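A short write-up of the structure that comes next.
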Amino acid sequence: MKYYIKTIVIAALALASCQLARADILTVTNVTFTNAWTAVSGSAPFYSTSVSAATSQGAASAGAPATAFVVMSETFTITNNGAGGMSGSAASSNWMLTAISMFAGGGSGPIQIHLFDITTNLTSNNGSTLNGSGATYGFNANGDLFGNGLGLTFNNSLPIERQQVIVLQNGPLSPDQVVLGVNHTYALEFWVATTNVNSLFWYRGSVADPGGQGMGSHDGALTTNRLTMASLGQAGGAPRTFAVALYGAPTTNALSSNNNTNLIAPSVYTQDDFSTNGVNNLNPVGADYYPGTNTSTYVYSVPGNITNVYSEWFGNGGPGAVHVPISFNPNVNISGNTNSNGAMQLNFTWNQASDGYQQWLLWHGNANTYVPTNSGGTVGVGYPQYTNIECDVRYDASSVTSTGGVYGVVRLMARGVGDFGQPWINSSYTTITDTNWHHINGQLLATSADALNVADVIVGGDVTSYVPGGLTGNQILYIDNIRITGPAGSVQLPPPTVGGPLKATPGLRLFAGPSSTIDRTVVYTLDQSQSWVGATAGSPVSYSMSLQDYNRNIQQVMIELMGGGTTPTTYGEFADFSGPTTLWLTLNPGPTASSVVARVQWKIGDPNQNPTNTAVAFTNSTAVGTWSLVFTGPTTGFVVAPGTVINGSTSFTIADPTVTSDFANPLFVAFGEQPNNGAGQGAYVDIGSIGITNVVDGNEFEDFTKEGSDFVANFTPSGLFKNDMSQLPAAAIIQTTNDAFWVNWTQPAISFTLSSITNLQHTNWINPGWYSGYADTNAPRVMPLPKGFNGKFWVLLPSDDLPTANGQQNSGSPGPASFAPAPNAFFRIGTNTVSP
């Protein structure tokens, strides 16, 4: 009997796969002097134009009818004719572009930056192509070299003439440190919104550069050719040259190219640009909109009003720590335009010695539904129209750093409607080691349901996990321009990839991290008299769990005992952390591929902390097998581990003089896992059995390898355990004795259907559920993974849903198959209709 995934390209799957990035600008800074080019990372520019007698130049007026963007551009050439002041040797090498500098001014507003290779597109009907007044270029198989074809976006930060430096980073979202080729001519374009044309003035002069000249357009569309400034009526003669400098390093790498010119103007949903007039419900959605009825409540120039909009969920350490004061600072703004705009200011007081978790998280509106709601109803803000969430941050110079010089790590999440988890976006994590403005960018993934309908953009930081040595002292952090951005048109989604079939082994499967890396998936005891304290004298109490397999990407597998007034309903999945009293046995990845580190730890009367008092820690050769946490008395016990103890002791003592009251009943027990990193999301562990012996209410035991049914109303078949404390209860699923195979595929897969066939020469693909006559209540049983899980959708096929050898429907379903399975079977997903 062989089962296969059939890879068949059908029309519905033949979509172009493109992963679009919005920005890979590392920093945007400025310097005051305007008589010479500054060094970047200690290096002078390899290409620069003259700054002599430069005058302010705005963009051309918009074309008619009005267009979205107007363009200023400078053409330049890597060639040995004196262009850009390059030496002969410099002009004979390709160059990796790492930074751009310009003399500019203007006001507040997002500016797009694009780079095109126009070597074969530049022509002239009057004078030379590089310096003639009749020069022009268009776009034919020469797409944008920045941002995976979409360009980059930054906020102009120059209210008056300054030198602005834009430092590029290579990834993680796109290769924006492009390679410029010898004897190639490029156009560096800045696109300015026609609704805010004064947001950028680029300084230009009349000293010619042999490599190119200043040009532009009334319309940013790639169907519109660019013209010289003389042709646009912006100068009396030609050439005119914009003040620009390029930085980088010579390279033997091949030049960068992009043959796709399907550039789509981006969409921008502004959550908050922190203007002094704040946010209100009268603004259009996507322009500082905020639900409410009293608009004066949200004017940021009124002291304290910003706290009606932004609030702390948690922050700045454990009990007793000073939480994060939030205020509006009208004197700080990334654009420098403090006449109408400011920034949100956060004040931290850190104490590494006493703060158990140096983290902070701010949310918008104390809710998770503000984006899609306005007086006119619902608006769809999410992927694929929007592909990124962004903001700008800067630490004040008075802020303390770690011993390694780190101010902190800032991160973003896009929380979906109805989701109160923490779906942090890995690509947004930014370690900050200076007091410059930094552009934080998080890429929305098509595989996350949170990205499909964004309810809130949340900003946070994590010191504990990412800043060695932690922080002690005061800090000030400024936040500006929180936005959701993306191309105006829909992104074509890649086709799903199918995996499996994978044999289903009876047992309890726990999928990790439904919406965030800290989400728990657990089963817990309905009975809350599970404490070892007060149990039968002389009879050891044990809490056991058998692991059938182990995935070290899941950072923590645990048995948890929670008391002190904690109940499954008071704190939900975070009861171990948020509740006051917890004792747990945890398994974490060990130093070798198969080993684990086991720890018994506890806390007492200490909410919003993980257990930190360690009773015992040891390294074990394997995680697979039965683990038992055994108490031989109120404060003593040992751990029974499978395999071999590599180092350490398994015996422990709980150094708590009031343990009999601290851990007295009511107390309940949970068995489960949490990923604690992105690699663990979507992974799983299988549990064969769980059990508790010799507590006052008797023994509790369930063998999942012998179950004939799944959870019913969140109860296991024994009725002793439940799964509804998990972030996603359906992430805990029982593979029954009637289950045969798992099939999975990547998301999104809207309108795709699983189908099967036994002979590829036939064309009649059918729904596997047909073989049970659709009578099996789990036909097929689906594990929906809507929020993360590495984008996979899992289906568990009962044996009576497998294709039969005689092609007949099984009788007596649900239950074991009444006919032998086909010797070969193929599975696929497609958008075509399957029979019957």
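The values are calculated or read from the model by the stated rules, or taken from the named source; none is laboratory data. Predicted, not measured: the structure shown is a model, and the values here were computed from it. Neighbour counts are summed over all protein chains in view; Cβ atoms, including those assigned to glycine, are modelled from backbone coordinates with ideal geometry. Surface areas here come from the heavy atoms of the whole protein model, side chains and all, with no ligands, DNA or RNA. Shrake-Rupley method; radii C 1.70, N 1.55, O 1.52, S 1.80 Å.
For labels at Ser87 and Val182 in the simple 7 Å Cα→Cβ model, what's the distance in nm?
Taking the two extended label points, one gets 1.6 nm.
Report the gain in length on full extension from Ser594 to Gln761: 0.36 nm times residue separation, minus Cα-Cα distance, nm rounded to one decimal.
55.7 nm
Can you give me the % of accessible surface on region 380-469 that is carbon or sulfur? Probe 1.4 Å, all protein chains present, nothing else counted. Walk me through the numbers before you get to the answer.
Details: 1340 of 2660 Å².
Carbon and sulfur together cover 50 percent of it.
Ignoring ligands, DNA and RNA, what percent of the 1.4 Å accessible area of region 116-255 is carbon and sulfur?
Reported share for carbon and sulfur atoms: 49 percent.
Compute the distance in nm between two label points, each set 7 Å from the Cα along the Cα-to-Cβ direction, one at Ala775 and one at Thr660.
The modelled label-to-label distance comes out at 6.0 nm.
So how much accessible area does Tyr407 have, in Å² to the nearest 10, using a 1.4 Å probe?
Result for Tyr407: roughly 30 Å² accessible.
Run the simple label-point estimate for Leu526 and Asn140 please: 7 Å along Cα→C-beta, distance reported in nm.
Each label point is offset 7 Å from its Cα along the Cβ direction, giving 7.5 nm.
How high is the FRET efficiency between Thr472 and Ser578 when r is their beta carbon distance and R₀ equals 30 Å, given to the nearest 0.05?
0.75
For Asp434 and Thr614 in one chain, what is 0.36 nm times their gap in residues minus the Cα-Cα distance, to one decimal in nm?
Computed gain between Asp434 and Thr614 is 61.1 nm.
Mind checking the dipole of region 96-209: about its Cα centre, +1 per Lys or Arg Cβ, -1 per Asp or Glu Cβ, Debye to the nearest 20?
Value, rounded to 20: 160 debye.
If you count only protein heavy atoms and use a 1.4 Å probe, how large is the accessible surface of His218, to the nearest 10 Å²?
Taking all protein chains as shown, His218 has close to 70 Å².
When the accessible area of region 584-743 is split by element with a 1.4 Å probe, what percent falls to carbon and sulfur?
Its accessible area is 53 percent carbon and sulfur atoms.
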